[in-house]
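A.B. asks: Take this structure, written in structure tokens, and hold onto it; I'll ask about it next.
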Amino acid sequence: MKTIVAFVFILLLNACQSGKEQEPEACQPPLSLIAQSNCESGYQGTYLIASDYKETTGASILFEIFPQKDTLSNDISVKSAWKNGSNQHERILISDTVLGNSPKFLVQISINCSGTELKSKYFAFVKRPAANPACFVWRQVNT
């Protein structure tokens, strides 16, 4: 009888400890972002593709876009921001009306992991001419 009680006690102790050893699911905002103009992507607008992130089940991604008036600006005020979630998760198409004629824009990506919002660094892109004079490309620059 003592052997059975000891065995049950050990099982219960192991069950309690194994629950504590489980690590929460890893979660990390995107570390990389690509911006493609309509000449590169074939879509009308600017196509953003985030990568190098980890998410939990049911995590949501929010893109926050900050169009800039010139290539030296780094205005991240709320009044200049455009926010939107993506129905393709890590990809989003930004309308030309959002960026207008801005020569530069900043992006910050938020990922909601089990109720905790984690934000990426700011990604900056500057408009550059392409081989085709009717086109341009977005080049990532350091902020």
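Every read-out reported here was derived from the displayed coordinates using simple, explicitly stated rules and does not represent laboratory data. Computed from a prediction, not measured in an experiment: that's the story for all the values here. When we count neighbours, we look across all protein chains shown, and the Cβ atoms used for this are built from the backbone with ideal geometry, even at glycine.
A.B. asks: If you take the residues of the range 75-127 that are without any contact (Cβ under 8 Å) to a residue 24 or more places away in the chain and of a type in the set (Ser, Thr, Tyr), which of them is nearest to Asn38 (Cα to Cα)?
C.D. replies: Top of the filtered list is Thr97.
A.B. asks: Turning to a different aspect of this structure: Out of the range 39-57, which residues are touching a residue at least 12 places away in the same chain (Cβ under 8 Å) and either within 12 Å of Ser120 (Cβ to Cβ) or not hydroxyl-bearing (Ser, Thr, Tyr) (or both)?
C.D. replies: Passing the criteria: Cys39, Glu40, Gln44, Gly45, Leu48, Ile49, Ala50, Ser51, Asp52, Tyr53, Lys54, Glu55.
A.B. asks: Examine the range 33-50 for a residue that is under 26 Å from Ala130 (Cβ atoms), part of a loop (DSSP other than H, G, I, E, B) and of a type in the set (A, V, I, L, M), and state whether such a residue exists.
C.D. replies: To start, the set of residues in the range 33-50 that are under 26 Å from Ala130 (Cβ atoms) comprises 33-50.
If we keep only those that are part of a loop (DSSP other than H, G, I, E, B) as well, we get 37, 42-45.
Subset that is of a type in the set (A, V, I, L, M): none.
No, that holds for no residue.
A.B. asks: Could you run through the range 28-68 and say how many residues are surrounded by 16 or more Cβ atoms within 10 Å (Cβ to Cβ), more than 12 Å from Glu90 (Cβ to Cβ) and not aliphatic (A, V, I, L, M)?
C.D. replies: Number satisfying all stated conditions: 10.
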